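The values are calculated or read from the model by the stated rules, or taken from the named source; none is laboratory data. On a predicted model such as this, the values are computed, not experimentally measured, just so you know. With ideal geometry, Cβ positions are generated from the backbone for all residues, glycine too; neighbour counts draw on all protein chains shown. Remember, those area values only see protein heavy atoms, side chains included, never the ligands or the DNA or RNA. Shrake-Rupley method; radii C 1.70, N 1.55, O 1.52, S 1.80 Å.
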Amino acid sequence: TNFYNSGKPELAEQYAQQALDEAETNQMESLNISSLVNLGQAHAARGDAVGGEKYYQEALTRARRHNVPRLVALSLLSLAGMHAQQGYTDDVLREAREALGYFGPNEFTMEAANCYTLIGRCQRDRGDLAAAQESFQHSVEMAEKTKDPSLIAQSEESLGSLLVSQEQYP
């Protein structure tokens, strides 16, 4: 995760694969699923959408099979982010809404903010501006709870872009 976050996807992939191997050897299914998500992130960071999606889907399948709701939601959020980059609006809406169904009530505010942003962008792109504004407002509210400046900026930028397109300048 640290190598992924620092922009070194090759090292992230190497360590995620080692973690996956250890998790499988020691029958640690939650760590196995997390490692699959990390491998998906490493592939996505390198521009390998096919590889990223493969690992995210495998993580989702295992998380559902072993009934690990947090990792189901994490896998769905990861898929939604990738599908957003590919323009698969229907998939993004389905995945982000399902992930939000877990993250929202369980107060995973960072993840919930990301779900709302993805949902709002799809709604905006489909022309449902009222729904997009509501989603973006929820994203801002969740982001503010995290006190994470980059997440707050992302959420406010999304809301701001919508308002500008409507010529609303609060």
Report summary line: The residue that is surrounded by the fewest Cβ atoms within 10 Å (Cβ to Cβ), considering only those in the range 47-60 that are among the hydrophobic types (A, V, I, L, M, F, W, C) and under 21 Å from Cys115 (Cβ atoms), is Ala49
Query - Inter-residue pairs, beta-carbon under 7 Å, first under 14 Å from Ala153 (Cα atoms) and in the range 127-140, second open to solvent by 60 Å² or more (accessible area, probe 1.4 Å) and not small (Gly, Ala, Ser), 6+ apart - result: Val140/Glu156
Report task. Say whether the condition of being open to solvent by 70 Å² or more (accessible area, probe 1.4 Å) and either within 15 Å of the chain's Cα centre (by Cα) or more than 23 Å from Phe108 (Cβ to Cβ) (or both) is met by at least one residue in the range 37-46. Result -> yes
Requested in this report: Can you confirm whether the range 5-14 contains a residue that is open to solvent by 60 Å² or more (accessible area, probe 1.4 Å) and under 20 Å from Ser75 (Cβ atoms)?
Outcome: yes
Report summary line: Checking Ala80, Ala23 in turn, the sole residue that is at pLDDT below 85 and open to solvent by less than 10 Å² (accessible area, probe 1.4 Å) turns out to be Ala23
Query raised in the report: Got a number for residues in the range 61-77 being farther than 20 Å from Tyr116 by Cα and buried (at least 21 other Cβ atoms within 10 Å of the Cβ)?
Result: 1
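Would you check which residues across the range 47-92 are within 12 Å of the chain's Cα centre (by Cα) and either in a loop (DSSP other than H, G, I, E, B) or among the aliphatic types (A, V, I, L, M) (or both) and list them?
Leu71, Val72, Ala73, Leu74, Leu76, Leu77, Leu79, Ala80, Met82, Ala84, Val92
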**Report entry** Lone unmet requirement of (1) in a helix (DSSP H, G or I); (2) more than 12 Å from Met82 (Cβ to Cβ) for Gln27
**Finding:** (1)
Report task. Go through (1) closer than 22 Å to Val72 by Cα; (2) outside any helix (DSSP H, G or I) and name the single condition Gly127 misses. Result -> (1)
**Report entry** From Ala99, Ala113, Ala63, residue being over 19 Å from Thr146 (Cα atoms) and of a type in the set (A, V, I, L, M)
**Finding:** Ala63
Report summary line: Within the range 110-137, of all residues that are open to solvent by less than 30 Å² (accessible area, probe 1.4 Å) and of a type outside the set (Gly, Ala, Ser), the one nearest to Leu162 (Cα to Cα) is Phe136
